[in-house]
Amino acid sequence: MNISTELTQEVFVTELLKQMTLDEKVGQLNQVGTSIYGGKEEHYEQLIRSSSVGSFLSIKEIEKANYLQHIAVNETRLGIPLLFAEDVVHGFLTTFPIPLAESCSWNTQLIKKTAEIAAEEAASAGIHWTFAPMIDVSRNPRWGRVAESFGEDTYLTAVFGSAKVKGFQGSLTGNGTLTEDHIIACAKHFVGYSEAEAGRDYNTVDLSWYKLANVYIPPFKRLVDEGVMSIMSSFNLLNGIPATTNKKLLIDILRKKLFYSEVLISDWNALKETVVHGFCRDDKEAVKKAVACQLDIDMSSLLYGTYLKGLVESNSIKEAEIDRAVRRVLSLKWRLGLFDNPYRSSAEKYKKIVDKTKEFRRTALEISEESIVLLKNDGLLPLKSTDKVGYAGIFLDDRQSMMDTWACKGDEKQIVTLAQAVENKQNKNYFLLQNAFRDFERTQTFSEETRSWVRHLDKVVLVLGEKATESGEAKSKAILSISKEQQNFIQALSQINQNIVVVLMNGRPLVLSAIIPYCKSIVEAWHLGCEAGSAILNILEGVVNPSGKLTMTFPRHEGQLPIYYNHYKTGRPYQADKFNTSRYIDLPNDPEFSFGYGLSYTDFALMNYEVKKLKKNQWEVSIDVVNTGEIEGKEVIQLYIGAQYGTYTRPMKELKGFKKINLKPNEKRKVVFNVNRDTFCYYDENLNELFDSGDYLIMVGNSSVIDEKNTKRIEVED
Ligand code: GLC
C-alpha cells in the first residue's frame, strides 16, 4: 500500500482510499459472521484473498486470527488488515456477572474494571472490537435480553454504559490510537429494541419520539459525546420503519442531532430482514435504503457484498456514499494501529494473559459479591458458625447457568458453583442435598432419609431460579414465576423445615409471589459467572455484607407489566380510598420489590436532610447516614427529582445521582449532592433540550421508595 503510517489518520485514510478499487471498498463494508459458512475456513481465505471482507465476527483464537490477518496483509493488493469482532459482553476468558447483575452493584469503578479485564483478555486473543455495552433501557422482564442490560433507568444505563466504554476503549495514545490491551466498543442496539411489544424478542416497537428522546436515546447520546467508536442499529421495527433503515432515526437523530460520525453497523442479517419486515421490496432496495441511512457495515447478510458494486455502476448509489463508509472503517483500523502492527497480539502474549486469570477472578469475586441483592431476611442470615445447614436446589451445581448468555470463551469447568464453594469450606455442619431435588422431581416427595436430614437442620439454603438457556436473546417468557416443580419443592420442603433461605439464580426479575410465603430470606444472586458460588457463600455467611440494589423492578404478577419506578402521575393517581383512580381491582399497584431496593445485615439511618440554595439554580443537597447496626456495610444513597409541572409532563421521580458509601458500626457520613439547572433538563420529541422553571421535589433515599421527611420542594427559576 506504500503509504507512510507517520501521516495523520485523516491523510493516511484519504491516501489509501484513493488507491482502492470499488471492489476493495465494498469488501471493507462486509462483515462475515463465521457461522454463515459453518466455520469452513476455506471460504474465509477465499473472501480475504479477493478483498471481499473487511471484518469477521467470532474468530476467537489468536493463531487463527493472525493466520487470516497474514493472508489479508500479504496476499491482497493493498494489504488492508482485517478487523475481528466478538460479543464480549460480560467477560472473555474470565466470566463476570451478567450486566444486569453488575448494575445492581451500583459500583461504577468495578463495572469499568471488568470491561478493562475483558478487553485485555479479548485483545490478547486477537479481538479488536466488542459488540458491547448493550445500553437498551429495559423495563420488561419478559424480554430475555434484560440480562445484558443495566436495568430500567436511563441515568444509570448511561453511567454504567459510559464506564464500560471507558473500560473497553481505555484512553487514546497521543496519536489517537488505542493501546494494545484495549478494544473498540459498540453501543447497541439503536434504538428501542427492549420495548418489543409483549416482551417478545424481535417484535414490533412503537414508541412516541418523546419517550425515545427521554428514555432510550440519552444513553447513546452520552456514549457518543464520550467517544464510543461504533454503534449497532437494532433489529426492530421502529414506528413503522425498521431501525436498520430508518432515516429519521439514523440520519436526522444519530448523525445530525447527536453528531455521530463513526461506524454504524447493522445487527446480524438485519439488512435482509428489512425485506421480511415488508419495508423493502427486495434485497437491492434494502441496500439502497441502508446506504441512504449511512449504515456503514452490513453484518452477515452479504447484501452489501452482492449488490453495492452494481448499484454504484448503475448510478443508483454515488461512490462518494461508499467512500464515506469505507473512510469510517479504515479509521477504526487506523485507531487500532493495525496499519502499523496488524498483529496486536501473539500466542505468547495470550498465554501471559491466561496466566493472569487468578488475579482477574479476584475482581470477579468482588463484583459478584456487590451484585447480590438481599430481598428478604427474617433473621436467618447471616448463617451462624454453629448452624447445621442443608444446601439443595437444581442450580446448586449448575455451571452452565452461571455463565448465562454471551459467555465467549468462558470455561464452564472454571465456574465455582455453590455446591463446590460449600465443599471447599469443609464445614462439618454443611450438608449437600443435591439429590433431594432430583428425587423430588421423580417422586414428588422426599425419601424418609431426606426428611430426617432436613428435620434436624437449623436452616436450608434452597437454590431456585432459571437456567442460562432461559435467559438472553430469543428467550422471551410470558410466565415469570418460578417453575411449578420448584414451587412444589419449596412448599413440600417447608412442611419439614420452615427455616428456608432461597438463593435466586436468574437473568431477569421473576414473579416470586409463589415462594415468598415459604421462605424467611431471599438472596437475589443472578447469574454471576466464574466466582458465583464463592460470592454467594461469602454473603450467606456474612463474610461480606450484601449491598446490592435492584436496577429493575420486580413485579407481583405479569399483569402489572410494564412496571417501573419512574412512571407518570396520570390525571388520577392511585388513591386507596377512591375507586376511580389508576389502579387494579385484583392487585395492588406497587411492585413486589422496587427499583433501588436492597437490604443489608446492618441498619442505616438517614437523618438531617437538607437542601441548601447556594445561588440561583444551584443547590447543595445533603443527608447524614449512620450505620446503626453492629456490622460494617455499604449503602447506596440515591438522589431523585420530581417535576411538579412541565412543558411535557414528567415522571413522578427520576434518578439523578447516587453515592455508594461504606460505614463501620456507628459511623456517620454526610452525603452531599450538587443540583443545578442541568439536573432538570430533558428533551422534546426532536431531541431539543427543554427546561421548565417551577416547583420540583428533591428526594433522597436508599431506594426509590422515599420517606416524606427526605423530600423537599424547591423553586427552579428561569
Ligand atoms: C445478535 C445480537 C447482537 C450481537 C450480534 C452479533 O443477534 O442481536 O447483540 O452483537 O448478533 O453476535
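Values as computed for the structure displayed
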item	result
Residue selected from region 136-172 under the condition of a type in the set (S, T, Y) and touching a Ser or Thr at 6+ places or on another chain (Cβ under 6 Å), by the criterion farthest from A196 (Cα to Cα)	S149
Residue within region 456-467 that is closer than 30 Å to E558 by Cα, surrounded by fewer than 22 Cβ atoms within 10 Å (Cβ to Cβ), within 25 Å of the chain's Cα centre (by Cα) and not aliphatic (A, V, I, L, M) present	yes
Region 58-88 - residue that is within 16 Å of the ligand (Cβ to nearest atom) and of a type in the set (A, V, I, L, M) and, of those, nearest to I231 (Cα to Cα)	A85
Residues of region 126-148 satisfying the condition of being more than 30 Å from T177 (Cβ to Cβ) and within 11 Å of the ligand (Cβ to nearest atom)	R145
Per-region count, region 122-155, residues surrounded by 24 or more Cβ atoms within 10 Å (Cβ to Cβ) and assigned to a helix (DSSP H, G or I)	7
Among (1) within 15 Å of the ligand (Cβ to nearest atom); (2) out of contact with any Asp or Glu (no Cβ under 6 Å at 6 or more places or on another chain); (3) more than 28 Å from Y682 (Cβ to Cβ), the one test that A290 misses	(1)
Pair list, Cβ under 7 Å, 6 or more apart: region 260-284 residue over 25 Å from D323 (Cα atoms), other residue among the aliphatic types (A, V, I, L, M) and surrounded by fewer than 23 Cβ atoms within 10 Å (Cβ to Cβ)	F279/I241
All positions within region 312-326 that are part of a helix (DSSP H, G or I) and buried (at least 19 other Cβ atoms within 10 Å of the Cβ)	V312, I322, A325, V326
Cross-chain or 6+ apart pairs with Cβ under 7 Å, region 680-694 first and touching a residue at least 40 places away in the same chain (Cβ under 8 Å), then β-branched (V, I, T)	L687/I217; L687/I253; L690/T647; D692/T647; G694/V716
Unmet requirement for E473, which otherwise passes all of (1) of a type outside the set (S, T, N, Q); (2) more than 16 Å from the ligand (Cβ to nearest atom); (3) touching a residue at least 60 places away in the same chain (Cβ under 8 Å)	(2)
Qualifying positions in region 431-445 - outside any helix (DSSP H, G or I) and either surrounded by fewer than 19 Cβ atoms within 10 Å (Cβ to Cβ) or at pLDDT below 90 (or both)	F431, L432, Q444, T445
Region 122-140 residues that are in contact (Cβ under 8 Å) with a residue 60 or more places away in the chain and hydroxyl-bearing (S, T, Y), paired with ones that are part of a loop (DSSP other than H, G, I, E, B) and within 10 Å of the ligand (Cβ to nearest atom) (beta carbon under 8 Å, 6 or more apart)	none
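Table: residues versus (1) buried (at least 24 other Cβ atoms within 10 Å of the Cβ); (2) within 28 Å of R451 (Cα to Cα).
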{"site": "S494", "(1), (2)": "no, yes"}
{"site": "I516", "(1), (2)": "no, yes"}
{"site": "E524", "(1), (2)": "yes, yes"}
{"site": "L540", "(1), (2)": "yes, yes"}
{"site": "K549", "(1), (2)": "yes, no"}
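The values are calculated or read from the model by the stated rules, or taken from the named source; none is laboratory data. The structure presented is a predicted model; accordingly, all values stated were derived computationally and were not measured. Cβ sites come from the backbone with ideal geometry, for glycine too, and all protein chains shown count toward neighbours.
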